[in-house]
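Input: a single structure, listed below in structure tokens.
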Amino acid sequence: MKSFLCSTAFLFLSLFNTTTAQCNEDDHHPENGGYFFVGVAGLSDIEAVDSVHGQKLPNATWAPGYYPYGQNLVCSGRNCFAPCDQAPGCPQFFNTHTCSILKFCPPEGATAPQIVWELPNFEAIEKCDFTNALSLGTMGTDPATGCFEYVFEEDHELTEYYFASKEGCAEGQKIAVKIQDFALTADQCEVIGLTTPRIRNCDCTLQKTPSALGEPCRTAFVNSCLSVVLEGECCGTGTCLSKLEDFSHAEGKAKELNRRLQCDDSMPGLCYNEDGKGTDTNGQGSKNCCTHTCSVCGTELSPFASWKPCTSLDGEGKTGKCGFLSRYDSEPYECDFSLCGSSDHWNPAGKPFRLAVGLETASEPSNNDNPNKPTDQTSAAGNMNEAYAPVLVILTILLSSLLGPF
């Protein structure tokens with residue numbers, strides 16, 4: 001593991017005390033002893049030479065300038081959500097994770113060493129108040145060898161950290177860092193990698209369309225995508241599938257059959273993206289609220305089909321809230337069942353819909369049912385009575401012989 005230029009005894013013990021919960025290559029990042037490097041200024045434009053995941057080298061330049069330090073900003077654009085889209089906005093942080101090593105490196109031409117300080121809170125860093133600051137270590141003058149490295153171990157104590165330089169704090173040399181759990185973030189990105197639209201053109205390594213995705217998300221995403229993509233000539237046409245989408249593939253079929261075991265076909269829902277035009281971010285796939293049940297809406301129907309069960313139903317309004325089309329959506333999609341045709345499974349006048357919304361019980365016939373026609377339950381009961389009639393006769397005779405007339 002790369003040596004750490006840390007000056008405090010506490011940090012030294014946190015790295016080498018065997019009782020501390022430390023990161024490792026088996027459970028965390030698969031390189032650097034379980035740690036990944038991040039630069040205090042984000043990512044550079046240089047790709048890591050030995051990387052199979054296409055990640056960029058960290059930009060660790062620590063100098064006067066702009067770094068997020070916890071100040072509020074109002075956001076805008078596609079990835080902006082409430083309450084950050086309105087004043088006063090949301091606090092700005094540099095985000096990283098446990099099992100990361102945050103690097104502070106001097107700029108070219110630095111002439112004097114600098115101490116990296118940890119401040120106790122936002123109020124202190126906003127005012128550049130070093131009264132209760134903790135000296136962490138010294139950054140040298142050589143950009144290659146003079147870096148200071150701060151380790152966020154698996155059992156880190158805080159979720160927010162504030163770092164600054166006395167020399168440059170007033171000119172913006174201060175940063176607020178928010179720490180998230182490595183395993184939680186990696187697990188989420190692994191799931192995204194299994195369904196990413198990059199599977200279509202075999203761009204799991206993020207080379208055809210560059211991405212600023214950082215660690216540990218990048219490695220988890222790339223590895224999971226590579227584990228399922230079915231490469232071939234389809235890479236050039238953008239039509240590749242993952243093995244989990246292909247019902248003819250053993251893993252895909254097993255996944256689909258297992259999904260069906262969890263289905264509740266008595267509840268309506270949205271069969272989304274049968275046409276394959278949707279991704280997990282654009283919400284542009286086909287939308288079918290009328291004709292399918294959960295068991296039907298799967299990869300045997302279409303490699304891209306996704307069943308989104310309704311989580312709330314309005315029987316009077318003939319609508320339902322039925323899942324999210326994009327992971328950026330803040331509200332679920334609303335199915336309008338009044339648009340369903342008279343022969344559609346979820347037509348509001350039909351029994352399946354009326355049962356689902358509680359307007360009818362299983363024993364009550366609907367206007368669309370033949371009242372003289374036995375229900376499935378009645379037919380089943382009749383068949384059962386016929387099947388067990390001989391057994392009942394035999395039991396009656398046996399009881400009569402044992403107990404006498406009754």
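The values are calculated or read from the model by the stated rules, or taken from the named source; none is laboratory data. Being a predicted model, the structure only gives us computed values, none of them experimental. Because the Cβ atoms are built from the backbone with ideal geometry, glycine has one as well, and the counts that use them run over all protein chains shown. Ligands, DNA and RNA are stripped out before the accessible areas are found, and what is left, the full protein with its side chains, is counted by its heavy atoms. Shrake-Rupley method; radii C 1.70, N 1.55, O 1.52, S 1.80 Å.
Could you check how many residues of region 110-155 are over 19 Å from Gln71 (Cβ atoms), open to solvent by 50 Å² or more (accessible area, probe 1.4 Å) and in a loop (DSSP other than H, G, I, E, B)?
Qualifying residue count, region 110-155: 11.
Which one of these is open to solvent by 30 Å² or more (accessible area, probe 1.4 Å) and in a loop (DSSP other than H, G, I, E, B): Glu190, Glu215, Glu231?
Sole residue among the options that is open to solvent by 30 Å² or more (accessible area, probe 1.4 Å) and in a loop (DSSP other than H, G, I, E, B): Glu231.
Identify all residues within region 281-292 that are surrounded by 17 or more Cβ atoms within 10 Å (Cβ to Cβ) and within 21 Å of the chain's Cα centre (by Cα); write none if there are none. Before you say what the answer is, go through the steps one by one.
Step one: of region 281-292, the residues surrounded by 17 or more Cβ atoms within 10 Å (Cβ to Cβ) are 283, 285, 287-290, 292.
If the condition is that a residue be surrounded by 17 or more Cβ atoms within 10 Å (Cβ to Cβ) and within 21 Å of the chain's Cα centre (by Cα), then Gly283, Gly285 are the ones that fit.
Being of a type in the set (A, V, I, L, M) and farther than 18 Å from Arg327 by Cα: is that true of Val222 here? I'd like the intermediate steps shown before the answer.
Details: of a type in the set (A, V, I, L, M): yes; farther than 18 Å from Arg327 by Cα: yes.
Criteria met by Val222.
Kindly indicate whether any position in region 86-93 is within 28 Å of His29 (Cβ to Cβ), assigned to a loop (DSSP other than H, G, I, E, B) and not polar (S, T, N, Q).
For region 86-93, residues within 28 Å of His29 (Cβ to Cβ), assigned to a loop (DSSP other than H, G, I, E, B) and not polar (S, T, N, Q): present.
Does Val228 satisfy the criteria of being within 30 Å of Cys23 (Cβ to Cβ) and in contact with a strand residue (DSSP E or B) (Cβ under 6 Å, 6 or more places away or on another chain)? Spell out how you get there, then give the answer.
Details: within 30 Å of Cys23 (Cβ to Cβ): yes; in contact with a strand residue (DSSP E or B) (Cβ under 6 Å, 6 or more places away or on another chain): yes.
Yes; evaluated as a whole, the condition is true for this residue.
Are any of the residues in region 41-62 hydrophobic (A, V, I, L, M, F, W, C), touching a helix residue (DSSP H, G or I) at 6+ places or on another chain (Cβ under 7 Å) and at pLDDT 75 or above?
Among the residues of region 41-62, not one is hydrophobic (A, V, I, L, M, F, W, C), touching a helix residue (DSSP H, G or I) at 6+ places or on another chain (Cβ under 7 Å) and at pLDDT 75 or above, which makes the answer no.
Checking Tyr328 against (1) of a type outside the set (D, E, K, R); (2) farther than 19 Å from Asp275 by Cα; (3) surrounded by fewer than 19 Cβ atoms within 10 Å (Cβ to Cβ); (4) modelled with pLDDT of 95 or more, which test does it fail?
The single condition Tyr328 does not satisfy is (4).
Scan region 53-96 for residues that are in contact with a strand residue (DSSP E or B) (Cβ under 6 Å, 6 or more places away or on another chain), open to solvent by 30 Å² or more (accessible area, probe 1.4 Å) and of a type in the set (A, V, I, L, M) and report the count.
1
Here's the yes/no breakdown for (1) modelled with pLDDT of 90 or more; (2) open to solvent by 60 Å² or more (accessible area, probe 1.4 Å); (3) out of contact with any helix residue (DSSP H, G or I) (no Cβ under 6 Å at 6 or more places or on another chain):
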| residue | (1), (2), (3) |
| --- | --- |
| Thr159 | no, yes, yes |
| Ile175 | yes, no, yes |
| Ala183 | no, no, yes |
| Thr195 | no, yes, yes |
| Cys202 | yes, no, no |
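Please give the number of the condition Phe353 fails out of (1) part of a helix (DSSP H, G or I); (2) open to solvent by 70 Å² or more (accessible area, probe 1.4 Å); (3) modelled with pLDDT of 55 or more.
Of everything listed in (1) part of a helix (DSSP H, G or I); (2) open to solvent by 70 Å² or more (accessible area, probe 1.4 Å); (3) modelled with pLDDT of 55 or more, Phe353 misses just condition (2).
Go through the residues of region 238-261 one by one and say whether even a single one is free of Cβ contacts under 8 Å to residues at least 40 places away in the same chain, open to solvent by less than 20 Å² (accessible area, probe 1.4 Å) and within 30 Å of Leu355 (Cβ to Cβ).
No; the residues of region 238-261 include none that is free of Cβ contacts under 8 Å to residues at least 40 places away in the same chain, open to solvent by less than 20 Å² (accessible area, probe 1.4 Å) and within 30 Å of Leu355 (Cβ to Cβ).
Select, from Ser338, Ser266, Ser342, the only residue that is among the hydroxyl-bearing types (Ser, Thr, Tyr), touching a helix residue (DSSP H, G or I) at 6+ places or on another chain (Cβ under 9 Å) and open to solvent by 50 Å² or more (accessible area, probe 1.4 Å).
Criteria check complete, one pass: Ser266.
Given the criteria at pLDDT below 80 and out of contact with any strand residue (DSSP E or B) (no Cβ under 9 Å at 6 or more places or on another chain), does Leu339 qualify? Working first, answer last.
On the way: at pLDDT below 80: no; out of contact with any strand residue (DSSP E or B) (no Cβ under 9 Å at 6 or more places or on another chain): yes.
Criteria not met by Leu339.
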